Each structure stands twice: as structure tokens, then as C-alpha cells.
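Read the figures in this text as sums done on the coordinates, not as results from a lab. Just so you know, these numbers come straight off a predicted model, no measurement behind them. When we count neighbours, we look across all protein chains shown, and the Cβ atoms used for this are built from the backbone with ideal geometry, even at glycine.
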Amino acid sequence: MQIQWYPGHMAKAKRMMQGDMKLIDVVIELVDARIPYSSKNPDIDVLAKNKSRVILLNKSDMADQRYNNDWKEYFETKGFHVALVNSKSGSGVKQVQDIVQKACQAKIERDRKRGILNRPVRAMIVGIPNVGKSTFINSFVGKASTKTGNKPGVTKGKQWIRLNKFIELLDTPGILWPKFEDQTVGLKLAFIGSINDTIINTTDLSLELILLLQQRYPEVLTNRYEVTLPEIVDSKQTAAGVLEQIAIKRSCLMKGGEPDLDRAAILLIDDFRSTKLGTITLEYPDKKI
Ligand code: GDP
């Protein structure tokens, strides 16, 4: 789902989130394992103050395995309960229940002391558009659940999905807005396809991607496209030279035989998004480049 965030939309989403927060014990935030920093909502820490917190590094299958655990540890040191998941295949999804329960241990203890036994914890999934919320919910909920709420004669309210006797999940995920203020965040969201392509110049975007890949994954460009990288690719101009080589190698040519940079740009970005370039992580804990 592509959403253009206007101040009005954002204010409304925030209001809804504030309302829902009153109903739940634990917030399960999905972030994209390829850009865990840039895909994390900046305001949720304030909105979810005093709530138990779980972070799921989703699409971990598309991210570089070498960094997945670094990110997990990073968020754990910040006090989150964390899991690496692939919602599409279901890998890692099963452990989430345990993690949610661990995250809510203090609340379960409090309940127990007050004589309240076996009250399920109430959870809500949140995340920016396209991060995989619906896919995760489908995988997490599976078949073994029943919808609760909206019983006849009861005022229409929130729909909860009862997963089992331990967890109830709010059936609609909370859609969060991304960080706006930081331009590199916007770029990374665009790389993974989280921002509508029609508002971005694809060729420009591909040059930025080349600059980033050259820093961390130069072999990806040389192996897949058999291009020769200059010593330093540090400007859009040198990146354009690389894009030109990709165009020639991949026969993206215009009628007169000139390299078609626009087509090469689309090819590169599609290859990145479909992991044809391999599993790639674009930022690292504490460096966030
Ligand atoms: P939402 O907007 O947050 O609800 O995102 P969706 O659940 O609609 O997912 C967006 C896209 O990401 C879909 O094409 C999903 O198939 C894909 N997707 C979601 N989770 C994963 C994952 O863990 N791995 C992979 N490879 N793709 C995923």
C-alpha cells in the first residue's frame, strides 16, 4: 500500500494510535531488516510509553544475514524484545508468541498478584506501509484463531483476534508514518519501494543506490553486471558512468545505440528489490549509513 502522508493524514493516524494504545498491553512493531533504522517510526516510542515493546525484523530473508543478528542485539540493548522473521514463508513467526509473553512478564505478574489469572495480553501490530503487517498477521494468526468482540447486543467496538488463551490481537494493524526530516531515510525507503515511484526520479534514485552499493557491496555490481568500477565512486557523475556501463552490458540502448540510462536505472532498482543482487542490508547499528 502506498500512502502519501499529508499533515492531516498523519494527525489522524496519530490520534487513532493514541486511542488504540489505551486498549493494549504490548506494541509489536515491524521494521524492515534491510533498513531497520529508516523503517522505524520515530514517534512510537512516545506514543507507546509504558507499554511492553516487541520489534520484529521482518523480511529478514531479504537482508544480509551477517547484520541481522547485529540489529537484533542492538534493539535488545535498547530494551526491546526482538525476533527475526520472514512473514512470507512463516520462518521465525512461531517464536513471536513466546517473545510477546516474555515482554509482558511484568504485567502478567502484576495481574497474578491481584488475583487475576489467565487474562490474555492484548497486542497491536504497527509499522509503516509495506513493511509486511498484513502478511505477518496472516502468518501469526493462522487458522487456529477466533474473532471476538462485536457480539450481538454489544456496542460495536474493536475487533480482537484470540490467538489462544495467552494473546489477543487487535485485528487491524496500526499504520505508521516514516521519518520525514532525514533525506537519506527517504532515499532508503524509496530503494525498497516503500515510497511511490511516481514521485521519484528513478534515474536519480539508481545513482544514489550505486553510490551506496559501491561503499558496502561493490562486488554485487561487478559480479552481476560485469562492470569495472572506478577507484572511487563518490559523486553522481561517477555513479552515472557505472550506470552507463550497466546499460551497455544489459543492452539497454536507445535507437541510435546510445546507452538508455532510464531503462538501466529501472533494471538496477528492480534487481535490488527482487534480491537478484543478493541479500543486502543498507544500514548498520550505530552507523546508520
Ligand atoms: P503492509 O502494508 O505492512 O500490510 O505490508 P504487506 O503485508 O502487504 O506486505 C508488503 C509486501 O511485502 C507483500 O508483497 C508481501 O508479500 C511482502 N512481504 C511481507 N513480509 C515479507 C517477508 O518477511 N519476506 C519477504 N520476502 N516478503 C515479505
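Structure data summary
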read-out: Nearest-ten-degree value, helix 202-216 long axis tilted from longest Cα axis of the chain; value: 80
read-out: The chain: most fluctuating residue of 77, 202, 135 per GNM, C-alpha cutoff 10 Å; value: 77
read-out: Distant-in-sequence amide H partners of residue 174 (H built 1.01 Å from N, under 5 Å); value: 125, 126, 127
read-out: Helix axis angle, 65-77 relative to the chain longest principal axis, alpha carbon, degrees; value: 40
read-out: Amide H contacts of residue 82 (H built 1.01 Å from N, under 5 Å, at least 5 apart or other chain); value: 55
read-out: Region 7-175: Cα Rg divided by the 2.2 N^0.38 Å rule of thumb; value: 1.03
read-out: Burial ordering of 139, 39, fewest other beta-carbon atoms within 10 Å first; value: 139, 39
read-out: Under 5 Å, built H, 5+ apart or other chain: amide partners of residue 91; value: 86
read-out: Between 0 and 90°, nearest 10: helix 261-273 axis offset from the chain longest Cα axis; value: 40
read-out: Around residue 218: net Lys/Arg minus Asp/Glu count, Cβ-Cβ under 15 Å; value: -3
read-out: Computed over the chain: relative contact order in percent, which uses C-alpha pairs under 8 Å that are six or more apart; value: 20
read-out: Leading residue at positive end of dipole, the chain (Cβ point charges), from 202, 104, 174; value: 104
read-out: Distance between region 77-92 and region 206-273 - C-alpha centres, whole angstrom; value: 33
read-out: The chain, helix-only ellipticity at 222 nm - DSSP H runs n ≥ 4, -39,500 (n - 2.57), divided by all residues, nearest 500; value: -12000 deg cm²/dmol
